[in-house]
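What follows is a single structure, written as structure tokens, with notes after it.
The values are calculated or read from the model by the stated rules, or taken from the named source; none is laboratory data. Since the structure is predicted, the reported quantities are computational estimates derived from the model, not experimental observations. Methodologically, a virtual Cβ is constructed for each residue, glycine included, from the backbone with ideal geometry; neighbour enumeration extends over all protein chains shown. The area values use the complete protein model at the heavy-atom level, side chains included, leaving out ligands, DNA and RNA. Shrake-Rupley method; radii C 1.70, N 1.55, O 1.52, S 1.80 Å.
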Amino acid sequence: MATIINGKETAGKKRLEIAAEVKSLKARGVTPGLAVILVGNDPASRTYVNNKEKDCSECGIVSEEYALPEDAKESEVLELIDRLNAAEHINGILVQLPVPKHISEEKVLRRISPRKDVDAFHPENVGKIMLGDYDFLPCTPSGVMDLLDEYGIRVEGKSCVVVGRSNIVGKPQAMLLLHRNGTVTICHSRTKNLAEVTKGADILIVAIGKADFIKADMVKDGAVVIDVGMNRRPDGKLTGDVDFAKVSEKASFITPVPGGVGPMTRLTLLKNTIKAARLQKGI
Ligand code: NDP
């Protein structure tokens with residue numbers, strides 16, 4: 001039976017460390033500030049934004065919310081970003097995705113100053129991650145690495161398989177594993193014989209968005225299984241991409257959903273906001 005990797009507990013513990021760091025920054029006259037831009041009324045986005053603001057207030061980080069209506073013009077969003085880029089008291093800027101269809105996500109993300117880009121989505125920061133010389137890491141892949149570290153799971157020399165190749169999870173996740181000297185394979189919807197590939201993984205990270213997709217016969221005995229997926233069941237309950245009940249009988253370590261990667265994603269945002277404050281204030 002696998003050890004359950006408890007992301008909720010780990011994130012809670014690390015939030016206390018962050019709160020202590022914020023306190024010491026405040027003693028030096030610096031209060032980290034995060035601006036969160038939300039366009040439209042998507043209920044899931046509203047929940048994510050509320051959670052992020054709650055995390056900030058728990059740690060002493062000031063968060064400012066900018067809620068714009070669904071029909072806000074692209075130019076309004078870009079002008080708001082310009083103002084926040086110039087605002088002294090704002091160290092990090094986050095635009096909650098997705099934005100409504102009439103607004104270009106690409107334009108919006110490129111407009112955020114790379115120095116305030118706490119989601120690490122700006123092409124400049126993406127490029128720096130590729131080079132292994134970065135200020136900010138994207139929230140979910142960095143949270144996964146923190147969980148591996150917390151549980152003493154070493155990556156070097158291991159066969160690592162990432163299922164999913166999105167710009168926000170799969171690709172940067174693969175890069176972070178590579179930086180730690182893992183031997184990395186990335187799979188996607190066109191991968192042939194997926195189960196053959198996943199069965200070779202010492203560390204299997206799944207981010208596809210399909211409930212219970214990874215079955216026990218796709219996993220090697222003793223593998224470490226990290227489930228990034230977040231899917232809603234018809235009864236409203238949250239579930240991952242991995243068949244947790246069966247796979248946990250085979251794996252050595254496994255993350256649950258909820259309570260695994262999700263809380264760690266939120267944690268990285270706090271870390272990045274503090275990092276941004278330090279960089280901007282030269283501390
Ligand atoms: P995307 O939809 O952007 O990407 C999904 C990826 O999965 C694509 O690369 C796609 O391949 C691949 N894929 C889809 N179906 C299959 C399949 N049958 N076999 C192999 N690969 C497949 O999703 P995201 O990366 O944004 O998110 C993935 C999941 O993670 C979602 O459930 C999301 O909610 C969750 N998530 C969770 C977070 C957390 O904090 N826990 C944070 C971010 C996301 P292709 O490229 O070929 O289309």
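Seen against the Cα atoms of the chain and their longest principal axis, helix 7-27 is set at about 30 degrees. Take the Cα of residue 44, step 7 Å toward its Cβ, do the same at residue 65, and the gap between the two points is 1.9 nm. Here the Karplus curve 6.51 cos²θ - 1.76 cosθ + 1.60, taken at θ = phi - 60°, turns the phi angles of segment 52-67 into couplings of 5, 5, 5, 4, 4, 5, 4, 9, x, 7, 7, 10, 10, 9, 10, 9 Hz, with x standing for Gly and Pro. A Förster radius of 35 Å, combined with the Cβ-Cβ distance separating residue 232 from residue 73, puts the computed FRET efficiency at roughly 0.65.
Considering all different alpha carbon pairs of the chain, the Kirkwood hydrodynamic radius works out to 19.5 Å.
Here the chain is treated with +1 on each Lys and Arg Cβ and -1 on each Asp and Glu Cβ, and its dipole about the Cα centre works out to around 360 debye. The calculated FRET efficiency for the pair residue 246 and residue 3, based on their C-beta separation and a Förster distance of 25 Å, comes to about 0.95. Here the extension length gained between residue 188 and residue 110 equals 25.5 nm, from 0.36 nm per residue of separation less the Cα-Cα distance. For segment 139-261, the average shadow cast by the Cα convex hull is 7.0 nm², which is a quarter of the hull's surface.
Here the chain exposes an accessible surface that is 52 percent carbon and sulfur, computed with a 1.4 Å probe and the other protein chains kept in place. Each of residue 58 and residue 199 was given a label point 7 Å from its Cα along the Cα-to-Cβ line. The distance between the two points is 4.1 nm. When the chain is described by a simple charge dipole with +1 on each Lys and Arg Cβ and -1 on each Asp and Glu Cβ, the residue from 12, 160, 84 located farthest towards its positive end is 160. Against the chain, whose longest principal axis is taken from its Cα atoms, helix 139-150 shows a tilt of about 60°.
For residue 163, nonlocal amide neighbours, meaning residues 5 or more places apart or on other chains whose placed amide H falls under 5 Å from its own, are 187, 205, 206, 207.
So which of 8/199; 14/220; 73/271; 171/237; 8/210; 26/73 end up more than 25 Å apart by C-alpha? Listed pairs above 25 Å: 8/199; 14/220; 73/271; 171/237; 26/73.
Between helix 170-179 and the chain there is an angle of about 80 degrees, using the helix long axis and the longest principal axis of the Cα atoms.
All other residues whose Cβ lies under 15 angstrom from that of residue 27 are scored, Lys and Arg at +1 and Asp and Glu at -1, for a net of +4.
For segment 33-129, state which trypsin sites (Lys or Arg not before Pro) are in a DSSP loop and have at most 13 other beta carbons lying within 10 Å of their beta carbon. The qualifying sites are 73, 101.
With loop membership from DSSP and a limit of 13 other Cβ atoms within 10 Å, the longest segment of the chain without GluC sites (Glu not before Pro) is 157-248. Its residues counted as N, segment 29-113 yields a C-alpha radius of gyration over 2.2 N^0.38 Å of 1.07.
Taking every protein chain into account, the accessible area of the chain amounts to 48 square angstrom per residue (probe 1.4 Å).
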